[in-house]
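The values are calculated or read from the model by the stated rules, or taken from the named source; none is laboratory data. A quick note: this is a predicted structure, and the numbers were derived from the prediction, not measured. Using ideal geometry, Cβ is built from the backbone for each residue, glycine included, and neighbour counts are taken over all protein chains shown.
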Amino acid sequence: MTPGKSREGGRRGRPGYDRDSLLEVAVAVFNERGYDGTGMEELSRRLGITKSAIYHHVSGKEELLDLAVSRALDALFAVLDEEQDAPGGATARLERTVRRAVKVLVRELPYVTLLLRVHGNSEAEKRALARRREFDHRVAELVARAAAEGGIRPDLDPRLASRLMFGTVNSLIEWYRPGGDLSGDALADAVTTFIFDGLRAAAPPDAGG
């Protein structure tokens, strides 16, 4: 959405923002300067509107942070929730979870980047970190079920495997930029292949060989 236009197509001053477009700019500033290093004066200057105009939409910068990291977390948890009830074994669901998590990162890159940089210095950050721990716990449970069914290596601790897996996914924020030669689908395929080639359980030796 072009700043200066509300979602309904009308103008609200010069420029005017609805909450979504205000959030988009705020997230860019948080990622550039750091959340702790960004004040309302800086947001006001960057947006080109008064602080009171910002307060018309949100209570302050912590609400902006809460909205941003919740957007990323809600998208990630939606993947887990949908895969929980999906057909197929745990290994197939784990592989789809990783592939879809990469696509969430690509689609919501600024919001996921901000989520991965929070430190727990505010209540909104503490809530985000608690939800990240819950996400990691649920992925580790899925890893354990995949190992139990023989789909991935059983000699790796599920929590360690989960951290290594999503450490790889999360590292994409440091270098991936949409619009280049690598599409989101191609990136998701490459990351999933890279991870699961190392995780997949070896086939048992041929008894008649």
**Prompt:** Using beta carbons and a limit of 6 Å, which pairs, at least six apart or on different chains, have the first residue in the stretch 109-125 and of a type in the set (S, T, N, Q) and the second one assigned to a helix (DSSP H, G or I) and surrounded by fewer than 20 Cβ atoms within 10 Å (Cβ to Cβ)?
**Reply:** T113/N31; T113/I173; S122/E62
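Which members of the stretch 115-154 meet the condition of being assigned to a loop (DSSP other than H, G, I, E, B) and in contact with a Lys or Arg (Cβ under 6 Å, 6 or more places away or on another chain)?
Taking the stretch 115-154 as the starting set, the residues that turn out to be assigned to a loop (DSSP other than H, G, I, E, B) are 116-122, 149-151, 153-154.
Within the stretch 115-154, G120 is the sole residue that qualifies.
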**Prompt:** Within the stretch 165-187, can you find the residues that are in contact (Cβ under 8 Å) with a residue 24 or more places away in the chain and closer than 21 Å to A92 by Cβ?
**Reply:** M165, F166, T168, V169, G184, D185, L187
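Given the condition surrounded by 15 or more Cβ atoms within 10 Å (Cβ to Cβ), touching a Ser or Thr at 6+ places or on another chain (Cβ under 7 Å) and modelled with pLDDT of 95 or more, answer yes or no: does some residue in the stretch 67-75 qualify?
In the first step, residues of the stretch 67-75 are kept if they are surrounded by 15 or more Cβ atoms within 10 Å (Cβ to Cβ); the result is 67-73, 75.
Now restrict to residues that are touching a Ser or Thr at 6+ places or on another chain (Cβ under 7 Å): none.
No - not one qualifying residue is present in the stretch 67-75.
Can you pull out the residues in the stretch 46-74 that are of a type in the set (G, A, S) and part of a helix (DSSP H, G or I)? Talk me through it step by step, then tell me what you get.
Quick first cut of the stretch 46-74, residues of a type in the set (G, A, S) only: 48, 52-53, 59-60, 68, 70, 72.
Of everything in the stretch 46-74, those that are of a type in the set (G, A, S) and part of a helix (DSSP H, G or I) turn out to be S52, A53, A68, S70, A72.
Of all residues in the stretch 162-188, count the ones that are of a type in the set (G, A, S) and either assigned to a loop (DSSP other than H, G, I, E, B) or not assigned by TED's automatic domain parsing to the domain that holds A144 (or both).
Kept after step one, since they are of a type in the set (G, A, S), are these residues of the stretch 162-188: 162, 167, 171, 179-180, 183-184, 186, 188.
Right, trim to either assigned to a loop (DSSP other than H, G, I, E, B) or not assigned by TED's automatic domain parsing to the domain that holds A144 (or both) and you get 179-180, 183.
So the count comes out to 3.
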**Message:** Just to be sure I understand the filter: pairs with C-beta atoms under 6 Å, separated by 6 or more residues or on different chains, first member in the stretch 70-94 and farther than 26 Å from A124 by Cα and assigned by TED's automatic domain parsing to the domain that holds L129, second member hydroxyl-bearing (S, T, Y) and in a helix (DSSP H, G or I). Which pairs pass?
**Reply:** E83/T97
**Request:** Pull up the stretch 109-121, narrow it to residues that are buried (at least 20 other Cβ atoms within 10 Å of the Cβ), modelled with pLDDT of 95 or more and not hydroxyl-bearing (S, T, Y), then point me to the one that is nearest to D181 (Cα to Cα).
**Result:** V112
**Item:** Number of positions in the stretch 90-114 that are part of a helix (DSSP H, G or I), of a type outside the set (K, R) and within 12 Å of the chain's Cα centre (by Cα)
**Value:** 12
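Confirm whether L105 is modelled with pLDDT of 95 or more and either within 30 Å of L64 (Cα to Cα) or in contact with a Phe, Trp or Tyr (Cβ under 9 Å, 6 or more places away or on another chain) (or both).
Numbers: modelled with pLDDT of 95 or more: yes; either within 30 Å of L64 (Cα to Cα) or in contact with a Phe, Trp or Tyr (Cβ under 9 Å, 6 or more places away or on another chain) (or both): yes.
When the stated conditions are applied, L105 passes them.
Has the stretch 171-186 got at least one residue that is closer than 21 Å to L67 by Cβ and not basic (K, R)?
Residues of the stretch 171-186 that are closer than 21 Å to L67 by Cβ, as a first pass: 173.
Subset that is not basic (K, R): 173.
Yes, some residue in the stretch 171-186 is closer than 21 Å to L67 by Cβ and not basic (K, R).
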